[in-house]
1. Accessible area per residue, 1.4 Å probe, Å², for the stretch 434-549: what's the number?
2. So which chymotrypsin sites (Phe, Trp or Tyr not before Pro) in the stretch 557-588 are both in a DSSP loop and have at most 15 other Cβ atoms within 10 Å of their Cβ?
3. Given the convex hull over the Cα atoms of the stretch 1-83, what projected area results after averaging over all orientations, in nm²?
4. Over the Cα atoms of the stretch 1-152, compute the convex hull volume and normalise it per residue, giving Å³.
5. Could you give the alpha-carbon Rg of the stretch 477-557 over 2.2 N^0.38 Å, rounded to two decimals?
6. How large is ³J(HN,Hα), in whole Hz, for each residue of the stretch 338-344 in order, when computed from phi with the Karplus curve 6.51 cos²θ - 1.76 cosθ + 1.60 and θ = phi - 60°, using x for Gly and Pro?
7. At a 1.4 Å probe radius, carbon and sulfur cover how many percent of the accessible area of the stretch 1-148?
8. Quick query: amide H of Ile559 versus all other amide H atoms, modeled in the peptide plane; which residues come in under 5 Å with a sequence gap of 5 or more or a different chain?
Amino acid sequence: MNMLKRLASLLESFPIKSIFITVIVVTLLVSGVRNVFMATGNDTLVKSSTDVYQDNLMLEEEFGGESVIVLYESDHLLTPENLAHMKGLENALHTSDSIYSILSPVTLVEEMANKQGEKFQEGIEEVIKGLDTMGSKLIKIGTEMSENAQNNQRIGFPKQEGLEMPNLGGAELPEFEGTNPPKFDSPELPKLGEIQLPDIEGQLAELNKGYAQLIGAQENLGDGTQNLVNGYAQFGTKTGELGESLGALADQMGDNPQQAQQLREVSGGLNELSKQMVDISKNTAQLPGISTQTISGLENIQKKLSEQLNEQKQQQEQIQAEQKQMQEDMKQQFAKQEQMQKEMKKQQEVKQEKIKDEMLVQQREKENQMREFQEKMHGKMDEQASNLSTLAEGLMEMGESLQTISQNMETIHGYSDIMTPGLPTKQATLDNMVYDDDQLRPMFEEVIVDDKYMLMMIRFEGNTTDAEKSKVVGTINDYLDAEKIDSVKTIVSGKPVLDNAIRSSMQESMQVMLVLALIFMVIVLFLVFNVRWRLLSLATVLTAVIATVGAMGWLNIPITMVSMAVFPILIGLGIDYGIQFQNRYTEEMNREEVGND
């Protein structure tokens, strides 16, 4: 009471100052109204100083706070158009610093696209290196093949001189000088001591020497022919291996079918040439056998001649043994011997000519075969050299093309930072990224409920204010209202959305409550309170309420569902005391007027 009396005395003593101070204080308090905010968060229910609140705040700052969920519903949900719409919402939210993370099918698809982009760039680097290496190798192979085609166009065949038959002049039968019958100058028979037998052993030695020369020449001819046959076989084998190598190289060039087809054609030609060479080797394999047959025939002739000479020797020995008994028949014997010698010499000459003719015929046939074979081989080799030159040019051109492609890809890869992965524009590409064998990938299960529903989860930072949350929710609603899709229904939910709705409802309720209170107070005061300035108490109460709200703004006290109850109480109590005060003031003024009268 003493304090109130002192306050009353001060007001009475300094009325102008008191009114001025009151106006200043009320003005300051009213200016704090702009700082008032509504709160529905956890701090309105639990003190921020408690351990539970601090632990929850720490977790939210580390892992994010509350989330807003945007639900998409459609019969044709996973389409590039719907993902593009969701991407637009995500871009609209990126301007807010209060968002901790956004999880949606868009973010997962973009993450997959980024990883595939990284793998694509790594693959491009490997392709660049591989193309450059392959190009260098192809150019090197083409250069070597071109040099080989120019320097080794022909195979060195053995010279035809080596196929000539040996000089048959050395194979002439020796003259049997000792077999010349003695001339009969007189009809008298010579004495037995005067008869000279021919040197059969010397003649046999000369005969063996002549036939040995023939046999040696035939052996040399057989060896040369065998070496030629073996050379054809080796050349055919090497040509077949080269054809198989080119075929294997063609199989490895799957990225260039045209060049691979050329290599396969060259490989087929080489294989065909290899078969022909092997066939020629097989066909000419009988040539060495001809020399062997000739040697066998010469040996048989030598054997027969040796037998005949041995028979002559036996006959001569028989003649010597029977010289005494056959002295009368000596002339006839010499005549027979001379006739026999002529016949033998004639037979030898006939056989020698026959052998020579046969060997010359065989030699000409072999020379013709060799000449035809050489011409055919030279034609094949010229064709092969031409094909190899063409192949070498193709390989070199291919190598240069691969190096050019490698350089272009390296240039593209150098500017690959301007090509950023994005959302797929084709339905098939999107389905391939979202589904695996017609089954939803596990990573999408959290954001894609089924074929009709998918989610976008927007998580706030841990220390995000209600105003920032309301701003984000407003951005979401504005975007969904501006960018509507006829075939898609969207729902925005989550605790921040609910809190924002509660705050909006609280604000509307407060406005309705204050307006209704003012209306009822005005009606009651006009009907019941019959004094002058009957609305003065209501204005005083409204000023007190506004000042209270301003004080809450200066003290950073939010308007919550609990603090909202203060305003009806404040209006109720304030209007009562205001009416009583004004009524008392009016009564005292009336008394003073009556007393003065």
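The values are calculated or read from the model by the stated rules, or taken from the named source; none is laboratory data. All figures in this text were calculated on a predicted structure; none of them were measured in a lab. We place every Cβ from the backbone using ideal geometry, glycine too, and count neighbours over all the protein chains shown. For accessibility, only protein heavy atoms count, side chains too; no ligands or nucleic acids. Shrake-Rupley method; radii C 1.70, N 1.55, O 1.52, S 1.80 Å.
1. 61 Å²
2. Passing both the DSSP loop test and the Cβ count: no residue.
3. Averaged projected hull area, Cα only: 13.3 nm².
4. Taking only Cα atoms, the stretch 1-152 has a hull volume of 321 Å³ per residue.
5. 1.78
6. For the stretch 338-344, the Karplus curve yields 5, 5, 4, 5, 5, 5, 4 Hz.
7. Roughly 61 percent of what the probe reaches on the stretch 1-148 is carbon or sulfur.
8. For Ile559, the qualifying residues are Phe37, Met38, Ala39.
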